[in-house]
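Participant: Structure in structure tokens, see below.
The values are calculated or read from the model by the stated rules, or taken from the named source; none is laboratory data. Fair warning: this is a prediction, and the values are worked out from it, not measured in the lab. Don't worry about glycine lacking a Cβ; one is built from the backbone with ideal geometry, like all the others, and counts go over all protein chains shown.
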Amino acid sequence: MNQHPAMWGHPMTPHQAFNAHTAFPLATPNPMRNQHASSPVSHTQQPLVTGTSVLGLKYKDGVMLAADNLASYGSLARFRDIQRLHPLGNHTCLAVSGDMSDYQYLKKELDGLLREEEALSLSDSHPALHPSQIYAFLANLFYARRSKVNPIWNAILVGGWDATKEESFLGYVDLLGTTYSSPTLATGFGSHIAQPLLREAFEKKAGIDGKGELLTAEEAEALLNECMKVLFYRDARSLNKYQIATVTKEGVQISESKSAETQWGFAEALRGYGAQQQ
Amino acid sequence: MSIMEYNGGSVVAMVGKDCVAIATDMRLGQQSIGVAHNFEKVFPINDKLYYGLPGLASDVYSLREHLRFRVNMYRMKEEREITPKTFTHLLSSTLYEKRFGPWFLEPVVAGLPAPTEMEPHPKPFISTMDTIGCITTPKDFAVAGTATDKLYGVAEGLWEPDLEPEDLFETISQTLLNAVDRDALSGWGAVVHVITHDKVITRTLRSRMD
Amino acid sequence: MAMHAERSAALHELTSAPIQHAFNPYEDNGGTILAIAGKDFSVIAGDTRQSQGYSIQTRYARKVWQLTDRAVLATNGFAADGNNFVKKVKQRLEWYEHAHHKQMPLKSIARMIQTILYGKRFFPYYVYNILGGIEEDGTGAVYSYDPVGTYERESCRAAGAAQSILQPFLDNQIYFKNQTPEPGAEPFIPGNLPLSTVLALVVDSFTSATERHIEVGDGLEVYVVMKKGRPTDDLVGEGKLAPGMAVEELDALGEGDGEKTFLVTRSLKRD
């Protein structure tokens with residue numbers, strides 16, 4: 001910037017104003033600073049219609065995700081045919097727990113993003129978004145919203161296949177913007193009930209460093225079926241009707257809804273709980 | 001306000017080779033105010049058995065007298081000295097008597113059991129318990145008081161098995177001093193007792209007084 | 001009767017008030033970090049466990065980050081804040097490199113971190129930072145911070161879940177607190193220990209913390225930054241590392257001025 005007295009009072013052209021040595025745009029004014037909202041801003045303060053825990057597991061050919069079909073309204077099993085597994089493009093799939101209206105907003109947002117990406121790929125050699133990029137987008141979105149104290153009330157698993165690196169992807173992100181990955185993941189109640197079962201089965205074959213051979217598709221599905229059954233037995237907000245998504249290099253495949261075979265015979269002999277005494 | 005942190009203070013005990021050591025700081029405070037620097041929290045039962053009572057200072061006096069009475073009764077009835085293990089259980093049940101209105105103390109016991117016919121080479125003994133008398137008998141060291149986590153850190157790093165009395169003295173002294181220097185509620189001097197078969201070495205340590 | 005009715009109404013109001021379940025934007029993800037400065041090197045370490053309450057979220061989450069060829073940052077506290085804080089710091093470092101055609105010096109990174117932290121003074125990053133590396137004069141340095149930017153250069157610092165377990169041990173072993181040399185012997189000088197001793201102390205510190213703290217464990221990552229031209233054989237030489245440890249040299253991020261960064265890894269107990 002020219003500080004010569006002869007230049008005082010003369011506004012600079014944008015070209016002159018450009019400073020190659022500025023490392024941080026400190027001087028940019030914030031246009032939102034002086035605006036007042038015309039009505040009270042409403043934030044999600046608590047989840048209302050909720051989906052219970054979801055599970056994720058890395059196996060030999062990719063990733064498997066599992067979620068049941070229930071959306072609860074408090075303790076009421078309100079919607080019993082909700083799909084909580086959502087494909088994004090060819091090689092990514094979400095499994096969503098938490099608030100279902102926030103989930104629908106997310107679906108709309110992400111589908112819009114992917115539509116734009118697809119449009120670009122039609123006219124150009126625009127590469128498809130990798131699972132890790134979609135995951136990064138979600139992590140940024142969730143963290144930005146929690147930083148506005150207006151969280152997106154979900155815990156999400158992102159499963160995918162990275163076609164470039166030829167490897168599977170599995171990550172977790174939640175309403176606080178907390179992120180992590182692990183070969184086996186579970187949200188909510190599932191992190192207490194199913195995660196130990198998943199880790200045990202995974203480490204038994206792949207070793208604690210995960211460097212051994214991974215579970216086969218059959219073994220992985222059997223393991224998820226078992227976990228969904230155990231969750232159905234003990235999670236009061238679950239439903240014995242669930243789907244499993246597989247993400248491999250072939251793409252995303254989401255199963256029809258299915259049920260685990262349950263055994264309630266032992267309950268006949270139980271006495272002393274609830275209304276029925278003796 | 002936590003009653004366990006009202007007066008401040010810490011105790012640590014360690015096992016060595018045919019010896020045990022127990023050490024305490026000397027601070028007595030009222031929350032952040034320092035009141036006295038001669039408040040010892042470790043007391044002898046006999047010349048082979050010591051115990052420390054970090055916690056609420058008023059309870060230190062009361063429980064010490066209570067224990068003196070009970071140990072004297074034991075001596076008169078049994079006509080022998082109480083063993084460290086028996087004393088630990090006596091202390092434990094004394095604490096549990098007040099299960100729902102406890103003594104605010106976390107005792108630490110250190111002793112050398114006398115050789116008997118059954119047990120000609122008894123092992124050095126330390127124990128500690130919570131405010132209601134739940135006992136743990138570690139093989140290495142026991143810590144209690146407001147500097148508990150700091151004591152754990154230093155002790156875990158410095159202690160090793162089979163220390164001779166002088167090395168055990170250095171280890172327990174360094175452990176206590178470095179732990180209480182990072183604790184605002186402990187410090188203001190320290191006392192160390194090293195119990196061996198033929199004598200008890202008692203030394204007062206100079207330390208930071210801030 | 002009226003009084004009775006009034007009282008019970010007041011009581012009813014007290015007990016039936018809706019329980020405010022306000023959103024809490026913070027969380028504690030456990031773990032612990034530690035850094036020690038040497039004469040011509042700096043060691044920055046952290047465990048790899050990330051937890052929430054009694055649950056282990058993952059056994060491998062990064063807490064220690066290579067920023068430049070002479071700076072490494074360790075973050076601890078709320079993991080989401082930590083990750084996003086590091087992202088912001090890295091972005092500012094990249095802008096600096098574009099503007100000045102060199103990497104930011106350590107002491108400038110140290111001041112920048114305080115500015116970024118204080119910039120969120122009224123909605124702080126819930127993160128305890130420790131910055132380690134090599135100063136422009138070639139000395140090893142450690143800077144430690146609180147969540148709102150208070151900072152200080154030191155010879156060593158522990159932070160996080162096991163800070164209270166580790167710091168008094170480091171006071172004793174690094175600062176020689178409560179130790180006096182034998183009469184006539186050389187005085188102890190802090191910040192002058194050989195690398196092998198420092199590395200052994202770091203490993204002992206983390207195994208101790210793992211033993212006594214439930215939020216510490218799974219894995220250990222130790223970054224070693226060395227002054228340019230310093231011999232490296234005391235780290236990479238045959239048989240210099242304890243069994244079960246692995247070391248790799250990390251690629252230079254910038255032009256490669258001569259400073260070297262190594263990553264030493266080791267497993268910790270998983271219980």
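Participant: Can you confirm whether the range C:222-240 contains a residue that is under 14 Å from residue C:47 (Cα atoms) and either among the small types (Gly, Ala, Ser) or not in a loop (DSSP other than H, G, I, E, B) (or both)?
Facilitator: Scanning the range C:222-240 turns up at least one residue that is under 14 Å from residue C:47 (Cα atoms) and either among the small types (Gly, Ala, Ser) or not in a loop (DSSP other than H, G, I, E, B) (or both).
Participant: Of everything in the range A:164-178, what is under 21 Å from residue C:22 (Cα atoms) and either surrounded by fewer than 22 Cβ atoms within 10 Å (Cβ to Cβ) or among the β-branched types (Val, Ile, Thr) (or both)? Give them in sequence order.
Facilitator: Filtering the range A:164-178 for residues under 21 Å from residue C:22 (Cα atoms) gives A:173-178.
A:173, A:178 - these are the residues of the range A:164-178 that are under 21 Å from residue C:22 (Cα atoms) and either surrounded by fewer than 22 Cβ atoms within 10 Å (Cβ to Cβ) or among the β-branched types (Val, Ile, Thr) (or both).
Participant: Residue A:161 versus (1) under 25 Å from residue A:62 (Cα atoms); (2) surrounded by fewer than 23 Cβ atoms within 10 Å (Cβ to Cβ): which is the lone unmet condition?
Facilitator: With (1) under 25 Å from residue A:62 (Cα atoms); (2) surrounded by fewer than 23 Cβ atoms within 10 Å (Cβ to Cβ) applied to residue A:161, the lone miss is (2).
Participant: For the range B:164-193, name all the residues that are away from chain C (no Cβ under 12 Å) and closer than 15 Å to residue B:41 by Cα.
Facilitator: Listed by number, the residues that qualify are B:185, B:188, B:189, B:191, B:192, B:193.
Participant: Being away from chain C (no Cβ under 14 Å), at pLDDT 95 or above and at positive phi is the requirement here; does residue A:251 meet it? Even if it seems obvious, please write down each step before you answer.
Facilitator: Working: away from chain C (no Cβ under 14 Å): yes; at pLDDT 95 or above: yes; at positive phi: yes.
Answer is yes for this residue.
Participant: So, of the residues in the range C:118-169 that are farther than 19 Å from residue C:67 by Cα and in contact with a Lys or Arg (Cβ under 8 Å, 6 or more places away or on another chain), which turns out to be farthest from the other protein chains (Cβ to nearest Cβ)?
Facilitator: That would be C:148.
Participant: Taking the range B:113-171 as the region of interest, how many residues are outside any loop (DSSP other than H, G, I, E, B) and more than 30 Å from residue B:101 (Cβ to Cβ)? Reasoning before the result, please.
Facilitator: Let us first name the residues in the range B:113-171 that are outside any loop (DSSP other than H, G, I, E, B), namely B:125-129, B:135-136, B:141-145, B:148-158, B:165-171.
In the following step, the residues that additionally are more than 30 Å from residue B:101 (Cβ to Cβ) were identified as B:141, B:153-158, B:165-171.
The number of residues fulfilling the criteria is 14.
Participant: Now for a separate question. Can you name every residue in the range C:151-177 that is touching a strand residue (DSSP E or B) at 6+ places or on another chain (Cβ under 9 Å) and in a loop (DSSP other than H, G, I, E, B)?
Facilitator: C:155, C:161, C:162, C:174, C:175, listed by residue number.
Participant: Could you grab me the full set of residues in the range C:48-89 that are touching a residue at least 24 places away in the same chain (Cβ under 8 Å), within 13 Å of another protein chain (Cβ to nearest Cβ) and more than 16 Å from the chain's Cα centre (by Cα)?
Facilitator: Listed by number, the residues that qualify are C:51, C:52, C:54, C:56, C:57, C:59, C:88.
Participant: Which residues, taken from the range A:231-250, are crowded, with 16+ Cβ neighbours inside 10 Å and either outside any loop (DSSP other than H, G, I, E, B) or of a type in the set (S, T, N, Q) (or both)? Quick ask: steps written out before the conclusion?
Facilitator: Looking only at the range A:231-250, we keep the residues that are crowded, with 16+ Cβ neighbours inside 10 Å, and these are A:231-232, A:235, A:237-248.
Residues satisfying the conditions are A:231, A:232, A:238, A:240, A:242, A:243, A:244, A:245, A:246, A:247, A:248.
Participant: Check every one of the strands (runs of 3 or more DSSP E) wholly within the range A:139-206 and list those with 2 or more residues that are closer than 22 Å to residue A:109 by Cα and touching a Leu at 6+ places or on another chain (Cβ under 6 Å).
Facilitator: Numbers: elements: A:154-162, A:167-174, A:184-186.
Counting at least 2 such residues, we get A:154-162, A:167-174.
Participant: Residues being touching a helix residue (DSSP H, G or I) at 6+ places or on another chain (Cβ under 9 Å), among the small types (Gly, Ala, Ser) and closer than 18 Å to residue A:48 by Cα: count how many of those fall in the range A:76-133.
Facilitator: Residues meeting the conditions: 1.
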